[in-house]
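The values are calculated or read from the model by the stated rules, or taken from the named source; none is laboratory data. It should be emphasised that the depicted structure is a prediction, and the values quoted were computed from it without experimental measurement. Here the Cβ positions follow ideal geometry from the backbone for every residue, glycine too, while neighbour counts run over all protein chains shown.
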Protein chains: 2
Amino acid sequence: MAVELKDLAPLLLRKERAGGDVDPAVLTNVLRDGQAANERRKHLVGLIERHPVLSDRDMMFRNHTERYEFGLKKVSHFVQFLKDQNIVDRNEQGIMYAALGEPLCIDVHNSMFIPTLENQGDDEQRAKWLPLARTYKILGAYAQTELGHGSNVQGIETVATYDKATQEFIIDSPTLTSRKWWPGGLGKTANHAIVHARLFLDGKDVGVQAFLVQIRSMEDHQPLPGIEVGDIGPKLGFNAIDNGYCAFHKIRVPRENMMMRYAKVLPDGTFVKPKSDKLVYLTMVHVRANLVENFALTMAKAATITTRFSAARIQGRTPDNKGEFQVLDYQNQQHKLFPFIAISYAAKFAARDMMARHDAAVEIVKSGNGDFAAKLATLHAVSSGLKAWLAEKVSDGVESCRRLCGGHGFTQSGNLAHLFNEIVGANTFEGTFDVLVQQHARYLLKALSGAKTLDDSEPATRFLAKFKVLCDPKLRCSGPASEAFGDLNLLVEAFEVRAARVLLALAKQMKATNNDGNACMVLMSRVSTAHAELMLLEALANGVSSFPPGREQHSVAQLCSLFGAWLVTQSIGDFRQHDYLSSSQVDLVRDQLVCLLPIVRKNCVLLTDAWDFSDFELGSTIGRYDGDIYRALMKRAADEPLNKTQVPDGYEKYLKPLIQSDL
Amino acid sequence: MAVELKDLAPLLLRKERAGGDVDPAVLTNVLRDGQAANERRKHLVGLIERHPVLSDRDMMFRNHTERYEFGLKKVSHFVQFLKDQNIVDRNEQGIMYAALGEPLCIDVHNSMFIPTLENQGDDEQRAKWLPLARTYKILGAYAQTELGHGSNVQGIETVATYDKATQEFIIDSPTLTSRKWWPGGLGKTANHAIVHARLFLDGKDVGVQAFLVQIRSMEDHQPLPGIEVGDIGPKLGFNAIDNGYCAFHKIRVPRENMMMRYAKVLPDGTFVKPKSDKLVYLTMVHVRANLVENFALTMAKAATITTRFSAARIQGRTPDNKGEFQVLDYQNQQHKLFPFIAISYAAKFAARDMMARHDAAVEIVKSGNGDFAAKLATLHAVSSGLKAWLAEKVSDGVESCRRLCGGHGFTQSGNLAHLFNEIVGANTFEGTFDVLVQQHARYLLKALSGAKTLDDSEPATRFLAKFKVLCDPKLRCSGPASEAFGDLNLLVEAFEVRAARVLLALAKQMKATNNDGNACMVLMSRVSTAHAELMLLEALANGVSSFPPGREQHSVAQLCSLFGAWLVTQSIGDFRQHDYLSSSQVDLVRDQLVCLLPIVRKNCVLLTDAWDFSDFELGSTIGRYDGDIYRALMKRAADEPLNKTQVPDGYEKYLKPLIQSDL
């Protein structure tokens, strides 16, 4: 018996797969946007996997300095490799970049610096700088955040003063807290930066503007005179990136270096105000949709690793004492893990929906027919809530997955800690939870009050059309038995009721506090959460129909039922408001959730296999497709630098005297 | 205005302190066990702070290998320093060790190896090995966990076979998964280990026993023949420790190396079964009490850092547009942060209570009068639930604190990420959540069924005495208005009702499933959580009276009210079962919680100052006592090795070709 154990893990995972009744390839086609796209994606990831430098996954052995320096090597190879392989499509470049497993110092150059030039530069500026930026002749940072100011951009203290005589801006960091702090690539890599500064014209503050500032010499990379620049030190994640600081001591840039597409400063110092730019929503929605897609993929990776580990790992005698439980057998493991599989699916469909609507808006803009702005504004507002919810739940979910893998989840080679470190920053960047839920809740309030005309075809606010019915305190949920709470229509209605009632409470509280947003902030968070969960449940419920009828579709529908029931159990107080759900109906929901666990378990490995991540993409000893996790752990431990010698370096100096001397 | 900003942070923190009306020194006396103990503690921490090597806090710049190697240096200095300073008391050594800021490779030698010799060695074994171990002549690991088995100790696969002819045990690792995996200090440091192996005598399995095994040469530290040993690689935390693996290839140890205090093997191979050892609970309760104390201190550190940062940091215009909000002004910030201050206080009182009861039991053992075993068994069982709850909530709380500090929380120099990494492992070691909540819930079931005689003086199970009343579905909470939900007696009763009802539901479900524990596991978790929260709320409510009457006592009572109200809002479903709380009473609880936020805010900085951590202990740029956080961030960034040169090492090789060549 004991001897066989060594091969039990792969066997158990195979057995688990064999026990399912869905074809993961059918699921993959939907999750990965069709077979052709998926094959191409795998080809591109394979190119990275087979590259001698770009396939490196040894970041866990390196400190921040070493990761940055190895990252430079990767950047150099990556740029060359894209050229050699003639990969010019941005999406394809993005797939290969993601396959590197960690963001590098050119991240912000590509994701923020170039797009800023594209979107905020005028024709002349774009003609001048874009070719240089796109070929990495100039390397740019995006310097907005300061030591003292992050999300409140209007509070930034860097100053730009226009000198009519020389037609130059004088950029200055007048205070301790005004130095730029955090921008990725600013510390050691970038030789230029888009710098946000408060512009003064003839002593008059005309608001925050963006300037292209050269910060290092193009000859020898030394900081230019008047510029203090460096790295802010190690962080929780992104340690291959040189997040930096920078202070400006009255340095001068030509007038032409202010981004002039919207606001302008004429040579004589006249300020031309920008026209309102509704197109800005397009960019923001695009960024959000990509972020939501990233949440889906990160959650999917963590769920895949943890599901496989839970199937392959045994721990704890069965009651008959004849064998050991697979960790996946435990009710608690299923109860904690399966909602994360559901979140990955729900986020995927939400991302797809956002991207489709973004693309539709682009078409409208191109054709010039129709009003895209209102729709995109709604989409942007509600996506704030989605982003806030997913950033928190996916980060927490990855960390929960790590804990569900016990001790082996604690090793870096399992890769769950790394996934967490790289995603958890999303709680802070692109808007913190508190800022986003306010935007979201305030938008819903406006929509409710009729300040915005409701559009019946807008799914996100459809529940407002029946607001009165939903808020009627006499309304009761109709679910008569536990199975009823697996019904998607019943669940969606329950979430509509909940979202409507919390919103009504907020509207009342805002009135009672004279619109004191801060006094209503806890309630705003609840409103945003309630609506985000409604949207995600609907996204997954609608997503079910994208699978061909059959077992696969049925299996995703079951996952969706589990998602809905689980969400209810997480916020029972809301659903019990005015007894919409009765005390005994709550028990039924809990029963239904527990009933669904073994049903979802039947296909849980296949539902995660369906994401079709390669072992290289997962980068996890304990999440291997073949379940050979123990050999993988040993193999990876052999790579630890401490194991290069039998006796550690400090032995002679520190250990030997301790052991052999008299203390 | 802008220029003044540079000094605003310290000013705001001072202002916040000045706005409070409690004397933190009065609180400190209670939290830190009296003035004398606190002064001594500060003196001991000061010794570390002033030591040139032991004060090192540069771990964030190091990878695992470097941290281990610098750790060896620290170990060598630490041992010498204790001797030089003549610090012999274990508690005092513990205080100084904790002040090092990270556990080192001798951690397990002191916390597990020596205690095992003390508790499981017979007189001869102790006389032989303890003097060597205590003077670090032998360095030990505690090798229980294997690659394939963690919490299920009965499943371990390492084998010991007794060879009568030579009176030796043959220790062997027969399978891949049988190699020891995880033990701290085993990888590169230890030359001996307590090895747990399944013992076979004449082919008969007599269960898992502990053996002292030499693994490295005392001459040159090389692994002994037949031993494969090494480091398992980088982990989420504890990277100064060489957690190791070890495989035994039929190595031989003398019969005398089995721990013989309880079970014995005679020279002829006869097995002498151990007598039941109730004293084992003493050790376990002691370990748990220390762990709970550690949860309290870690939560307190994170809450201190975050409260100070929230007071010193401004972000976001006030509605009148005249200034900026302190982050602490935001309702959401208060709502998320203040419960963590309450948890630190509650855990402190729970730990003190456990330690007092442990000490009382030691007295009973010494005097030989009275039955300590039943009480300690209860204490051990309920402490499982406390440990499970606190491990999860404190880890999550530290991470929440980190997110509450925005971008600056993401830098390592804020120290919140490090605190998280060092505490989150407690979710796994000393019993995972799932194992512990089952122990806890099963104990309560037994107590309920009368299998255990209830002791009225046992506070943890006092609620069972009025079980029927509490479970009466007609019972309603009496709270008429929101202030009622600040009343500690009312809150405690509500938590008793909740704990009783969930336990009743579990008892029914166990019956319905024929005692299938796994089928009831989700409910067991709820039972354990409900009872743990009752115990913690009571611990804090009782702790209030340890403060002298006056503003300080009042202030802690307010914190306790907030804790209770907050806990209710986290599990409304339980409290609404059978409408014990009505829908409108839940609204009252929420109102009360929001009302308490500004009240607790008034003293929140002082409530955390009261822990009296030095800046050295907090090790945080953003949690400084004086609020000078921005200068601290800059100063720490200057220590980043990348900043030693203006131009990074990889420039000539990787960046320059990229910038200057034609791509």
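Assorted remarks:
Quick grid of which residues meet (1) outside any helix (DSSP H, G or I); (2) β-branched (Val, Ile, Thr); (3) modelled with pLDDT of 95 or more; (4) surrounded by 20 or more Cβ atoms within 10 Å (Cβ to Cβ):
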position: A:Ile343; (1), (2), (3), (4): no, yes, yes, yes
position: A:Lys348; (1), (2), (3), (4): no, no, yes, yes
position: A:Ala360; (1), (2), (3), (4): no, no, no, no
position: A:Leu379; (1), (2), (3), (4): no, no, no, yes
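- Only a single criterion out of (1) in contact (Cβ under 8 Å) with a residue 12 or more places away in the chain; (2) over 30 Å from A:Ile314 (Cβ atoms); (3) surrounded by fewer than 21 Cβ atoms within 10 Å (Cβ to Cβ); (4) not acidic (Asp, Glu) is not satisfied by A:Ser584, namely (1).
- Within the range B:404-432, being within 11 Å of B:Met60 (Cβ to Cβ) and either within 8 Å of chain A (Cβ to nearest Cβ) or part of a loop (DSSP other than H, G, I, E, B) (or both) holds for B:Thr411, B:Gln412, B:Ser413, B:Asn415, B:Ala417.
- Index of the failed condition, B:Asp609 passing every other in (1) more than 16 Å from B:Pro24 (Cβ to Cβ); (2) among the acidic types (Asp, Glu); (3) touching a residue at least 24 places away in the same chain (Cβ under 8 Å): (1)
- One residue from A:Lys348, A:Lys375 being more than 20 Å from A:Trp611 (Cα to Cα) and away from chain B (no Cβ under 12 Å): A:Lys375
- Of all residues in the range B:144-154, none satisfies being closer than 20 Å to B:Met260 by Cα, more than 14 Å from every other protein chain (Cβ to nearest Cβ) and surrounded by 21 or more Cβ atoms within 10 Å (Cβ to Cβ).
- Taken over the range A:309-348, the criterion of being more than 23 Å from A:Thr411 (Cβ to Cβ), β-branched (Val, Ile, Thr) and touching a strand residue (DSSP E or B) at 6+ places or on another chain (Cβ under 8 Å) is satisfied by A:Thr318 alone.
- All of (1) aliphatic (A, V, I, L, M); (2) more than 9 Å from every other protein chain (Cβ to nearest Cβ); (3) not in a strand (DSSP E or B) hold for A:Val253 with one exception: (3).
- For the range B:588-620, the set of residues classified as touching a helix residue (DSSP H, G or I) at 6+ places or on another chain (Cβ under 6 Å), within 14 Å of another protein chain (Cβ to nearest Cβ) and small (Gly, Ala, Ser) consists of B:Ser620 only.
- Hey, B:His554 in a helix (DSSP H, G or I), touching a helix residue (DSSP H, G or I) at 6+ places or on another chain (Cβ under 7 Å) and of a type outside the set (A, V, I, L, M, F, W, C) or not: no
- In the range A:198-215, residue nearest to the chain's Cα centre (by Cα) [restricted to those that are hydrophobic (A, V, I, L, M, F, W, C) and more than 12 Å from chain B (Cβ to nearest Cβ)]: A:Ala210
- For the range B:456-475, a residue qualifies if it is touching a residue at least 12 places away in the same chain (Cβ under 8 Å) and within 35 Å of the chain's Cα centre (by Cα), and the qualifying residues are B:Glu458, B:Pro459, B:Ala460, B:Thr461, B:Phe463, B:Leu464, B:Lys466, B:Phe467, B:Leu470, B:Cys471.
- Condition broken by B:Ala507, with the remaining ones in (1) surrounded by fewer than 23 Cβ atoms within 10 Å (Cβ to Cβ); (2) farther than 20 Å from B:Gly486 by Cα; (3) within 14 Å of another protein chain (Cβ to nearest Cβ) satisfied: (3)
- Those residues of the range B:166-193 which are under 28 Å from the mean Cα position of the chain (by Cα), of a type outside the set (Gly, Ala, Ser) and in a strand (DSSP E or B), in sequence order: B:Lys180, B:Trp181, B:His192
- Residues that are part of a helix (DSSP H, G or I) and at the interface with chain B (Cβ under 10 Å from one of its Cβ atoms), drawn from the range A:570-587: A:Gln570, A:Ile572, A:Gly573, A:Asp574, A:Phe575, A:Gln577, A:His578, A:Asp579, A:Ser583, A:Ser584, A:Val586, A:Asp587
- Counting residues in the range A:92-105 that are in contact with a strand residue (DSSP E or B) (Cβ under 8 Å, 6 or more places away or on another chain), closer than 19 Å to A:Pro234 by Cα and in contact (Cβ under 8 Å) with a residue 60 or more places away in the chain gives zero.
- B:Phe485 at pLDDT below 95 and aromatic (Phe, Trp, Tyr): yes
- Of the residues screened, B:Phe563 is not one that is outside any helix (DSSP H, G or I) and at pLDDT 95 or above.
- Looking only at residues in the range B:256-281 that are among the hydrophobic types (A, V, I, L, M, F, W, C), within 30 Å of the chain's Cα centre (by Cα) and assigned to a loop (DSSP other than H, G, I, E, B), the one that is surrounded by the most Cβ atoms within 10 Å (Cβ to Cβ) is B:Met259.
- Residues of the range A:155-177 that turn out to be at the interface with chain B (Cβ under 7 Å from one of its Cβ atoms) and of a type outside the set (Asp, Glu), as a count: 5
- The range B:621-663, residues that are more than 7 Å from chain A (Cβ to nearest Cβ) and under 24 Å from B:Gly19 (Cα atoms): B:Thr621, B:Ile622, B:Gly623, B:Arg624, B:Tyr625, B:Asp626, B:Gly627, B:Asp628, B:Ile629
- Selection of first residues in the range B:63-76 that are more than 7 Å from chain A (Cβ to nearest Cβ) and of second residues that are surrounded by fewer than 24 Cβ atoms within 10 Å (Cβ to Cβ) and at pLDDT below 95, restricted to Cβ pairs under 6 Å at least 6 apart or on distinct chains, gives an empty result.
- Selection over the range B:623-649 of residues that are farther than 30 Å from B:Ala311 by Cα and in contact with a Phe, Trp or Tyr (Cβ under 8 Å, 6 or more places away or on another chain) gives a count of 3.
- Within the range A:216-250, considering residues that are under 19 Å from A:Thr158 (Cβ atoms) and surrounded by fewer than 18 Cβ atoms within 10 Å (Cβ to Cβ), the one nearest to the other protein chains (Cβ to nearest Cβ): A:Pro223
- Residue selected from the range B:131-143 under the condition within 8 Å of chain A (Cβ to nearest Cβ) and either surrounded by 24 or more Cβ atoms within 10 Å (Cβ to Cβ) or not hydroxyl-bearing (Ser, Thr, Tyr) (or both), by the criterion nearest to the chain's Cα centre (by Cα): B:Leu139
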